[in-house]
Amino acid sequence: VTVPDPFPRLPHRAPFLLLDRVLEIGERTGVFMKQVAAADPCVAADGTLPAAFVLEALAQGGGALLSAITDDRVPQPGYLAAVDDFHVLTPPRVGETMRVEVEVLRHFQGATLLRGRALVDGRLCAEGRLTLALPR
Amino acid sequence: MDRATVLAEVKDLLVKGLRLDRAPADIPDDSPIFGEGLGLDSIDALELVVLVEDRFHVSIPDEEVGKRAFASVAALADFILDEQGRR
C-alpha cells in the first residue's frame with residue numbers, strides 16, 4: 001500500500017521530517033501534528049523533544065504552509081533565515097502529540113515572517129517568530 | 001514631527017532594530033539602505049518593513065512601495081512624512 005506523502009513539497013524526509021499530518025490549511029495559517037515517539041532519533045535521552053527540533057518543526061510547518069498557499073508548481077528550496085523571541089516552556093515528551101500552528105505575519109521580497117506555536121493538549125510548549133526565505 | 005526628527009529616528013531605528021555596528025550619526029542622509037549602502041539584505045528588508053510600520057504607523061504594502069521608501073535613509077524619512085501627512 002502506498003501512502004500519499006502529506007508534504008510533497010518539503011525536501012525533508014524521515015527522520016528529519018518533523019511533521020506527521022496536516023490538520024488545517026487556511027489563507028494565512030496552518031496546523032500540523034507530530035506524534036513524539038520513543039523510536040524517533042530526534043528525541044533526547046530524557047524523553048523530550050529538544051528545542052532545536054521543536055523549532056525545526058515550526059519551520060517545516062511554515063514551509064508546508066507557504067507551499068500550500070502559493071501556486072508555484074515547482075518546489076522552491078527555502079531556508080530558515082532568522083528566529084526571534086523563540087522560547088520553549090515545556091518540551092514535548094515521548095507519547096505526546098505535538099500540535100504545530102503557524103501563521104504568516106508578513107511577506108516582503110521573498111522573505112516571510114511567521115509566528116509559530118507548539119502545543120500539547122492545549123498547553124503551550126514553545127513559541128517564536130521565524131523568517132523563511134527563498135533564495136533568488 | 002519635522003524632517004530632522006524623523007531622519008534621526010529612522011537612523012536610530014536602523015541601528016538598534018537591525019543591530020548595525022555603527023552610530024546613527026555616522027549614517028549619511030543619502031545613504032542607500034540596501035546593497036552597498038548599509039549592506040542590508042532581503043531578510044533585513046522584511047525586518048525593516050515590520051519595524052517601520054510598527055514605529056511610524058505607516059504601511060509598506062508591496063515591493064514597489066518598498067523600493068521607493070527604501071531608496072535611501074532620506075527617502076525613507078520623506079516616505080514616512082508623506083504617509084503621515086495623508087492621515
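In chain B, helices alone account for a calculated mean residue ellipticity at 222 nm of -18500 deg cm²/dmol, with every DSSP H run of four or more residues adding -39,500 (n - 2.57).
For chain B, a simple Cβ point-charge model (Lys and Arg +1, Asp and Glu -1, everything else neutral) yields a dipole of about 220 debye relative to the Cα centre. In units of the compact-protein estimate 2.2 N^0.38 Å, the protein assembly as shown shows a Cα radius of gyration of 1.19. Each of A:Thr97, A:His12, B:Ile27 was placed along the dipole of the protein assembly as shown (beta-carbon charges, centred on the mean Cα), and the one lying farthest toward the positive end is A:Thr97. Estimated from helical segments only, the mean residue ellipticity of chain A at 222 nm is -5000 deg cm²/dmol, where each DSSP H run of four or more residues counts as -39500 (n - 2.57). Distant-in-sequence amide contacts of A:Ala82, defined by a placed amide H-H separation under 5 Å and a gap of 5 or more residues or a different chain, comprise A:Thr131. The modelled label-to-label distance for the pair A:Met33/A:Arg21, using points 7 Å beyond Cα in the direction of Cβ, is 0.4 nm. Rounded to the nearest 20, the Cβ-based charge dipole of the protein assembly as shown about its Cα centre (Lys and Arg +1, Asp and Glu -1) stands at 520 debye.
Mean per-residue shielding of peptide A:7-13 is 0, counting Cβ atoms of other chains within 10 Å of each Cβ. Under a model in which nothing but the beta-carbon of Lys, Arg (+1) and Asp, Glu (-1) is charged, region A:19-136 shows a dipole of about 160 debye around its Cα centre. Taking each residue as 0.36 nm, the span from B:Asp12 to B:Asp82 lengthens on full extension beyond its C-alpha to C-alpha distance by 23.2 nm.
Bear in mind these aren't lab numbers, they're just calculated from the coordinates by the rules spelled out. Note that the coordinates shown come from a computational prediction; the quantities given were computed from them, not determined experimentally. When we count neighbours, we look across all protein chains shown, and the Cβ atoms used for this are built from the backbone with ideal geometry, even at glycine.
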